[in-house]
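Peer 1: Structure provided below as structure tokens; questions to follow.
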Amino acid sequence: MESILEPLGYTFFLKGLLVAGLSGALLGFIGVYIVLRGMSYIGHGLSHSIFGGFAAVQLFAAQFYILGAGLWGIASALAINTVTKRSRLGADAAIGVITTASFALGVALFARFGSSGPSFENALFGSILGISTEQIIGLVVVSLVAVAFVFLRYRALLFSTFDPDVADVSGVRVSRVEAQLMIVLALSILATLTVIGVTLVAAMLVIPAVVARMLTDSFGRMLAWSTAVGTFSGLVGMYVSYYAEVPSGTMIVLVGAAIFLVVFAFAGTARRRRSAGLDSHVEPVPAPTVAR
Amino acid sequence: MTATGVGPELIRLTDVEAGYGHDTVLHSVNLHIHEDQFTGIVGPSGSGKTTLLRLLLGIVKPFSGTIDAQPGLRTAYVPQLETVNWDFPITVEECVLMAGSSPRDERRIWPWASKPEKARAMHVLERLGIDSLADRQIRQLSGGQQQRMFLARALYRQPQLLLLDEPTSGVDVSTRHDVLHLLAELHEDGVAIVLTTHDLNGMAAHLPHLVCVNHRIIADGPVEDVIRPEVLEQTFGARMEVLEHLGMRVVVDERPEHVMRAKV
């Protein structure tokens, strides 16, 4: 018990815990939409792209680097969104080019002009050191924006995720909703980058949502579960990283992965049992046709 | 079924050319859709029938020509079953309720559905006979039930014009009959219906009005004018025989020469 309470005596740890829990919650929440859209790779690319933005902007206007990286992130997110729509170009490859180039630029600039070493590693794998009050405020604001966005655009967002074509002809402004989601995603990644780390953010977008999907068939409950799993991973991961003396992002992701394994093992059997009781699952039979 | 081609016009296509990228799929299309229309668009794969449907939906914009739609026209669309991810975590009721997502309906602030909305969703589900499945996850439905759910989602919008893309592909014979009956009922209630189909005997021959498409409109009229060997040959590029059976037209493939010789 004492060992659980002991680190709570440090302000930096309390801040870290708050940011880790909230980051997990935010990424779990938004991750539901990303996973259901089959866009996990975009989350990965975007975090790398934002890292490039961080580094580049720091050279020109250090005091505005958050703003600069935010704009950089939003621009890449919207660019990716546009590229994905024109999928004839091969969206995956295009995303790979845009975001890894941005990442490479970041690494190069960091190595040449930045103080490489610990801060470089922190950016990649996450750290609880040096979390400022401004960052906490930023994270809280982004979380509120994300919740407000999902709350106000719930059905349009759900419809355009499930069936964009029909949503489009049903009066939903699909491209606008998608662009808004991309902006919220970019801001979420930006706000959580410091604790979870560039290379690991994508995992926290995906793991809680995938776990939640195994636990429920309802969309509303999936959102709740995913947020809960994200929060739990953030909090427990932060504790473990404190004792193990490893970067916080690694442990947050590993806790999430452990939850995934447990749920995968158990939900598998439960699901099999549930689906065995179903009577009306009929595979569609192709109709006989005469003309070709 | 009532006559077609009369009554107020809902959509008119004039000299439309359309396609994707640099490929023109449809040439000089002239088509009128009226309020009491029940039309099947018939043609082989790649003939542009889906493009024609997408033009009517407004998803595809024409290269040239004009599309005039009645202002404020309420259109609903039933896509092919395989266009969505059936593992998506929503229930049948949630899926139907999605249809109320347009800005007109978005005045509500809460994401959850109001009582009147739920009542309306249950009403359409009842009408389609799947109200008992409202709480099922959508993967747990049969093909026919999935088709009905898509119809319910479309009807939730109380459309004037209902557009369906191959509504009977991938469903069994009894479901095909069900779908036809349902559509006929809706048409009786005053909904204009346009669907695409490649199923001449199971679907097209039962409809009051057909449009044959093969990159241009080959024929446009009632079944007896359209289901004819010369029209079908132009549309499908293959000889077919048309028989009359109990007042219905039945299309049979003409047996290729070498097969006939082998039989004899």
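No value in this document is a laboratory result; all are computed from the given coordinates. These numbers were taken from a predicted model, which means no experiment stands behind them. Cβ atoms come from the backbone with ideal geometry, glycine included; neighbour counts cover every protein chain shown.
Peer 1: Give the order of A:PHE266, A:PHE54, A:PHE103 when sorted by the count of other beta carbons within 10 angstrom, beginning with the fewest.
Peer 2: A:PHE266, A:PHE103, A:PHE54
Peer 1: Viscosity 0.890 mPa s, temperature 25 °C: what is the translational diffusion coefficient of the range A:169-209 from Stokes-Einstein with a Kirkwood Rh over Cα pairs, rounded to a whole number of µm²/s?
Peer 2: 210
Peer 1: State the answer as a single residue: which of B:VAL92, B:LEU161, B:LEU243 lies farthest towards the positive end of the charge dipole of chain B, with beta carbon charges of +1 for Lys and Arg and -1 for Asp and Glu, about the Cα centre.
Peer 2: Farthest towards the positive end: B:VAL92.
Peer 1: Restricting to Cα atoms and excluding each atom paired with itself, what does the Kirkwood estimate give for the protein assembly as shown in Å?
Peer 2: Taking the inverse mean of 1/r over all distinct Cα pairs, the protein assembly as shown comes out at 26.4 Å.
Peer 1: With each run of n ≥ 4 DSSP H residues scored as -39500 (n - 2.57), what mean residue ellipticity at 222 nm is computed for chain B after dividing by its residue count and rounding to the nearest 500 deg cm²/dmol?
Peer 2: -8500 deg cm²/dmol
Peer 1: Please report, in debye to the nearest 20, how large the charge dipole of the protein assembly as shown is about its Cα centre when each Lys and Arg carries +1 at its beta carbon and each Asp and Glu carries -1 there.
Peer 2: 1180
Peer 1: If you take each beta carbon of peptide B:85-94 and count the beta carbons of other chains within 10 angstrom, what is the mean?
Peer 2: For this peptide, the per-residue mean of nearby foreign Cβ atoms is 5.
Peer 1: Amide H neighbours of B:GLN80 under 5 Å, at least 5 residues apart or on other chains, H built in the peptide plane: list them.
Peer 2: B:ASP165
Peer 1: Counting pairs of alpha carbon atoms under 8 Å apart in space and at least six apart in sequence, what relative contact order in percent does chain B give?
Peer 2: Here the relative contact order equals 24 percent.
Peer 1: Bin width 5 Å, origin at 0, all Cα-Cα pairs of the range A:2-275: what percent of pairs per bin?
Peer 2: All Cα pairs considered, the percentages come to 1, 6, 12, 17, 18, 17, 13, 8, 4, 2, 1, 0.
Peer 1: With N residues in the range B:67-194, what two-decimal value do you get for its Cα radius of gyration over 2.2 N^0.38 Å?
Peer 2: After normalising by residue count via 2.2 N^0.38 Å, the value is 1.04.
Peer 1: Please turn the phi angles of the range B:117-127 into ³J(HN,Hα) values with the Karplus equation 6.51 cos²θ - 1.76 cosθ + 1.60 (θ = phi - 60°), one per residue in order, whole Hz, x for glycine and proline.
Peer 2: In residue order, the calculated couplings are 5, 5, 4, 5, 4, 5, 4, 5, 5, 4, 4 Hz.
Peer 1: Note down, for the range B:86-157, the three equivalent ellipsoid semi-axes (square root of 5 times each alpha carbon gyration tensor eigenvalue), biggest first, whole angstrom.
Peer 2: So the equivalent ellipsoid measures 20, 13, 10 Å along its semi-axes.
Peer 1: Here is a further query. Using alpha-carbon pairs under 8 Å, 6+ residues apart, how would you state the relative contact order of the range B:86-157 in percent?
Peer 2: Relative contact order, the range B:86-157: 54 percent.
Peer 1: Would you order B:ILE59, A:ILE259, A:ILE137 from fewest to most other beta-carbon atoms within 10 Å of each residue's own beta-carbon?
Peer 2: In order of increasing Cβ crowding within 10 Å: A:ILE137, B:ILE59, A:ILE259.
Peer 1: Quick one: order B:MET248, B:MET98 by neighbouring beta-carbon count within 10 Å, fewest to most.
Peer 2: Fewest to most other Cβ atoms nearby, the residues stand as B:MET248, B:MET98.
Peer 1: To continue, here is another question. In whole angstrom, and with the biggest value first, how far do the Cα coordinates of chain B range along each principal axis?
Peer 2: On the principal axes, chain B reaches 69, 44, 37 Å in Cα extent.
Peer 1: Could I ask something else about it? Using +1 at the C-beta of Lys and Arg and -1 at the C-beta of Asp and Glu, which of A:TYR243, A:TYR10, A:GLY24 has the Cα lying farthest in the positive direction of the dipole of the range A:2-275?
Peer 2: The listed residue farthest towards the positive side: A:GLY24.
Peer 1: Given contacts defined as C-alpha pairs under 8 Å and at least six residues apart, what's the relative contact order of the range B:152-264, whole-number percent?
Peer 2: Here the relative contact order equals 17 percent.
Peer 1: Taking every DSSP beta bridge that has both residues in the protein assembly as shown, what percent is antiparallel when rounded to the nearest 5?
Peer 2: So the antiparallel bridges amount to about 55 percent of the total.
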